[in-house]
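Just so it is clear, none of the values below were taken in a lab; they were calculated from the coordinates. Just so it is clear, the model here is predicted, and its values are computed rather than measured. Please note: Cβ atoms are built from the backbone with ideal geometry, for glycine as well, and neighbour counts cover all protein chains shown.
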Amino acid sequence: MNTWTISASDVFSRSPIVPVMVIKRLEDAVPLAKALKAGGIDVFEITLRTECALDAIKAISEAMPDSLVGAGTVINPQQYDAAVASGAKFVISPGATPSLLKHAAKGSAPLIPGAITPSEVMQALELGYDHLKFFPAEASGGAAVLKSIAAPLPQVKFCPTGGVSLSNLKQYQEVSCVATVGGTWMIPEAAIAAGDWSTITDLTRAAVAAATS
């Protein structure tokens, strides 16, 4: 039995969009999170793709304790532990291994593992995971494929990620198993590099409006 202080359901219900944040400079972490929050999103997935990712999780967690700060691109138990120690309240993985699933089940933060086939979904279900990441969403066939996979597995909720944008957002939201989506279109790299936080806030506001209309 897990000892999670929040549930994966809490993460999915917090926002219609989970921003996938690749933070290359630590000094961008808090301003980026604040720009997203000003636009209406206060759940953050900071991917462990950069050297400062763990420090970014810690910085945002300390500066914005009421927000839901998580770690993404977690691929093993060691990274799970490091993310939680840095302040991550949830953890997202692009896929899943038995060791990661079993380890996280005993941890303090919910894991949202990735799954792209019925067998992967069933394996996650066997270990108690019913909130999953559908990744890479568009490259794997998009909303139509997700709808087909989820049909015999109605107990599972998904966060499709990978290629999701304003142009196909509604296609995913129309699939009953979709509770939220992961995306990057509201946080373009050029805006982050330029410190153009107002543009990110505007894009976030527009994304939230589209997702909730």
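Quick notes on this one:
- Residues in region 85-109 that are more than 18 Å from K133 (Cβ to Cβ) and of a type in the set (A, V, I, L, M): A85 alone.
- Looking only at region 19-46, residues that are surrounded by fewer than 23 Cβ atoms within 10 Å (Cβ to Cβ), acidic (D, E) and under 18 Å from G72 (Cβ atoms) come to 2 in all.
- Condition met for K147 (out of contact with any strand residue (DSSP E or B) (no Cβ under 6 Å at 6 or more places or on another chain) and over 18 Å from M122 (Cβ atoms)): no
- Every test in (1) over 19 Å from S176 (Cβ atoms); (2) surrounded by fewer than 17 Cβ atoms within 10 Å (Cβ to Cβ); (3) touching a helix residue (DSSP H, G or I) at 6+ places or on another chain (Cβ under 9 Å); (4) touching a residue at least 24 places away in the same chain (Cβ under 8 Å) is passed by S99 save one, and that test is (4).
- Region 156-190, subset in contact (Cβ under 8 Å) with a residue 40 or more places away in the chain and part of a loop (DSSP other than H, G, I, E, B), residue surrounded by the most Cβ atoms within 10 Å (Cβ to Cβ): M186
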